[in-house]
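We did not get these values from a lab; they are worked out from the coordinates using the rules stated. All figures in this text were calculated on a predicted structure; none of them were measured in a lab. Positions of Cβ are generated from backbone atoms using ideal geometry, with glycine treated the same way; all protein chains shown enter the neighbour counts.
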Amino acid sequence: MEAAITILALLFVAFIALGVYATVKAVGAAKRGVDRTITQARRTVEDTTLRAKSFGQTGVAGELAQLRLALRTSMRATQDALHAGVAEDSSLAESVGLFRRLSAHGLELDDELKRLEREPDRATVAALLPQLKERTQRITHSADSLRWAARDRARQFADDDLDALNAQIDIEAGALRHWTVEEQRPQQASGAASQGPGAGTRRAHDAGVDWPEPTAGAGNSSTADESWGGPAREEAPQAITAPDPHLRTRYPWQKAARPETTN
């Protein structure tokens, strides 16, 4: 009895622990989802603001907004392309590592550009613009190189797979049309048989050689044997024998055959 109570108590504790663990995991997932949504909303608002500043403002503020917008757009596009490609191609893991190192420089530059937007000394910011543009171009150029290389690799794999698939489909299509080959063989055989054994003679006659046609009789049987692949048979000549004189001589003791009467 005590053992049963102990087992029930352990099962109850296990169910409680499992419920707590599931609740914590659900809360954590919900929190991450909310954080992700907030981050995405904040990013969208910030990008919209930068786009409005780059088109609506002039001077140093407009140029800083354009640099930040170009940097963020290039880095985000490269990040999405690499993360989508590494799930199918594990060889892009090294590229993802290089992009993380590049992202550190990109985030540092983005923070610096963001601080300079609130800088009241516009003359100093204008003097720093050439250097900031060069850094932005170097980072975006590297990001674009990684992104296009990953896309070209994925497209090449897709082309190779398509070529292999087309070859397999051609083989399968030929196998499905196997009856066309089987139909051609009987047609060729029937065409050769329909020409007959005298086809060679007729073709020779058409070509200008005046060969006689085979006549009916023994010659035809020999030609037929040769046309079907059998050996030519030669008929033995008829022996000419003289009549036996004893058969024609009649002796006196031989009675003549009397004709049969109807009586």
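Structure summary
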| read-out | value |
| --- | --- |
| Difference of contour (0.36 nm per residue) and Cα-Cα distance, residue 151 to residue 117 | 8.8 nm |
| Inter-centroid distance (Cα atoms) of the stretch 114-185 relative to the stretch 64-96, Å | 12 |
| Compactness relative to 2.2 N^0.38 Å, alpha carbon Rg of the stretch 91-168 | 1.69 |
| Förster radius 30 Å - calculated FRET efficiency between residue 90 and residue 159, Cβ distance, rounded to 0.05 | 0.90 |
| Potential lengthening between residue 173 and residue 104 on full extension [0.36 nm per residue; Cα-Cα distance subtracted] | 19.5 nm |
| Extension gain (nm, one decimal) between residue 43 and residue 55, 0.36 nm per residue minus Cα-Cα | 2.5 nm |
